[in-house]
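The values are calculated or read from the model by the stated rules, or taken from the named source; none is laboratory data. Bear in mind the structure is a predicted one, so any value in this text is a computation, not a measurement. Cβ atoms come from the backbone with ideal geometry, glycine included; neighbour counts cover every protein chain shown. Quick note on the areas: whole protein, heavy atoms, side chains included, nothing else; ligands and nucleic acids left out. Shrake-Rupley method; radii C 1.70, N 1.55, O 1.52, S 1.80 Å.
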Amino acid sequence: MKIFITGGSSYLGQHMVPTIASKGHGVWHTWYSTPPAEGFSGTAVQIDVRNADRLVEVVSHFQPDAIIHLAASNRSENEQAMVSSIIEGAKSIRASAQAVGCRLIHMSTDVVFDGTENPYCESSPISPPHAYGRAKAEAEQEVLQYSNSVVIRPSLIYGLKIKDRSTEWIEASLNLGKNVTLFTDQIRMPVWVGTLSEACLEMINHEFSGIIHIVGSQRLSRAEMGQRMLDWWGVSNRETLSFAPTPANAPWPKELTLDTSLAQQILTTPLLGVDDVIGLLS
């Protein structure tokens, strides 16, 4: 099988590309500002996913059986660029999938919800609380215009072989003696990179189209998750680490509990909780 992945240098892409390549699939993956490390799996192509003509040209040349769209994140300091890359990128990737008639899997987010009406199923009304959530919600609608598409809504994405971005930031800040506060009342359902990689592969050959929630089975606060990751990576310098509720004026949802009944019904991939994964890899 031939698979085209956007955002091969993203945190999830760094795990997913080699995982899929190791199973014998042909993989092409894109990067924009961060080139892949030397020796990285697959064939890398530098491209701005907002450039629809170029993306269609590259995808049409590769003729993939499926596209997995991971590119565009919430890490840009420029909000306008972030929103543009998410929405315009979704339009371009939909056009590319339509051009070759392949399966399209799009990675969205749980923050299309504001956390006030838990638990959320796939058909729950969306209520994005900030620009990133609103852009992701609009991108979902762009992708769903293509009938052979799947929109996956994950929660916090983590791995235990490469530090996730949040843990990297926490560790760097603590090492510089900066105050770091982990929130005790922000509840999420963190999902392992291995779960998402296997679920994407499974969805390629599945007849399902539409939105599906793929998250871990364990609900953890940001504080609990942060401590587990610091423990795993052996970060002992915690003199400036503290715990507190979310500030009253913060735009982030306090609790996001996603109903995973659909995923459990149609997937064989287990939705492992964080403690399950730590136990598995210890």
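I'm trying to understand the selection: among the residues of segment 241-266, which are part of a loop (DSSP other than H, G, I, E, B) and acidic (Asp, Glu)? Lay out the reasoning, then the answer.
In the first step, residues of segment 241-266 are kept if they are part of a loop (DSSP other than H, G, I, E, B); the result is 245-254, 256-257, 259-260.
Across segment 241-266, the qualifying residue is only ASP259.
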Of the residues that sit in segment 229-282 and are out of contact with any Leu (no Cβ under 7 Å at 6 or more places or on another chain) and among the charged types (D, E, K, R), which one is surrounded by the fewest Cβ atoms within 10 Å (Cβ to Cβ)?
-> GLU239
Hits in segment 173-182 (condition: open to solvent by less than 40 Å² (accessible area, probe 1.4 Å) and not in a helix (DSSP H, G or I)) = VAL180, LEU182
Return a yes/no flag: does segment 37-45 have any residue that is within 16 Å of the chain's Cα centre (by Cα), of a type in the set (S, T, N, Q) and over 15 Å from LYS136 (Cβ atoms).
-> no
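Could you list all residues from segment 12-28 that are outside any loop (DSSP other than H, G, I, E, B) and out of contact with any Leu (no Cβ under 9 Å at 6 or more places or on another chain)?
At the first step, the residues of segment 12-28 found to be outside any loop (DSSP other than H, G, I, E, B) are 12-22, 26-28.
Hits for segment 12-28 are GLN14, VAL17, PRO18, ALA21, SER22, GLY26, VAL27, TRP28.
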Going through segment 1-59 in order, the residues found to be free of Cβ contacts under 8 Å to residues at least 12 places away in the same chain and closer than 21 Å to ARG94 by Cβ are ASP53, ARG54, GLU57
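Of all residues in segment 259-277 being in contact (Cβ under 8 Å) with a residue 24 or more places away in the chain and among the polar types (S, T, N, Q), which is nearest to SER155 (Cα to Cα)? Even if it seems obvious, please write down each step before you answer.
Going residue by residue through segment 259-277, those that are in contact (Cβ under 8 Å) with a residue 24 or more places away in the chain are 259-263, 266-277.
In the following step, the residues that additionally are among the polar types (S, T, N, Q) were identified as 260-261, 268-269.
Details: THR260: 12, SER261: 16, THR268: 19, THR269: 16 Å.
Looking at the filtered set, the residue picked out is THR260.
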A careful count of residues in segment 92-103 that are of a type in the set (A, V, I, L, M, F, W, C) and either in a loop (DSSP other than H, G, I, E, B) or crowded, with 24+ Cβ neighbours inside 10 Å (or both) gives 3
ALA81: passes all of (1) assigned to a helix (DSSP H, G or I); (2) aliphatic (A, V, I, L, M); (3) touching a residue at least 24 places away in the same chain (Cβ under 8 Å); (4) surrounded by fewer than 22 Cβ atoms within 10 Å (Cβ to Cβ) but (3)
Residue, modelled with the lowest pLDDT, within segment 107-143, restricted to residues that are under 16 Å from the mean Cα position of the chain (by Cα) and aromatic (Phe, Trp, Tyr) = TYR132
Matching residues in segment 2-25 - criterion: being surrounded by fewer than 16 Cβ atoms within 10 Å (Cβ to Cβ) and small (Gly, Ala, Ser) | SER22, GLY24
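Taking the condition of being in a loop (DSSP other than H, G, I, E, B) and under 21 Å from ASP185 (Cβ atoms), how many residues in segment 125-153 meet it? Give the steps one after another, and end with the answer.
From segment 125-153, those in a loop (DSSP other than H, G, I, E, B) are 125-130, 145-148; that's our starting set.
After this cut, where a residue has to be under 21 Å from ASP185 (Cβ atoms) as well, the list is 127-130.
Total meeting the criteria: 4.
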Restricting the search to segment 183-197, which residues are crowded, with 20+ Cβ neighbours inside 10 Å and not aliphatic (A, V, I, L, M)?
-> GLN186, ARG188, PRO190, TRP192, GLY194, THR195, SER197
Residue pairs within 9 Å by beta carbon, gap of at least six or interchain, first lying in segment 136-147 and farther than 14 Å from GLY101 by Cα, second open to solvent by 30 Å² or more (accessible area, probe 1.4 Å) and among the aromatic types (Phe, Trp, Tyr), listed first then second, are none
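Find the residue count for segment 29-74, including only residues that are in a loop (DSSP other than H, G, I, E, B) and of a type in the set (Asp, Glu). Before you say what the answer is, go through the steps one by one.
Start the filter on segment 29-74 by keeping residues that are in a loop (DSSP other than H, G, I, E, B), which leaves 32-42, 47-51, 63-65, 70-74.
Within this subset, residues satisfying the condition of being of a type in the set (Asp, Glu) are 38, 48, 65.
The number of residues fulfilling the criteria is 3.
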List pairs: first in segment 231-258 and in contact (Cβ under 8 Å) with a residue 12 or more places away in the chain and farther than 30 Å from ALA131 by Cβ, second part of a strand (DSSP E or B) and β-branched (Val, Ile, Thr), Cβ under 9 Å, 6+ apart or cross-chain?
-> ARG238/VAL180
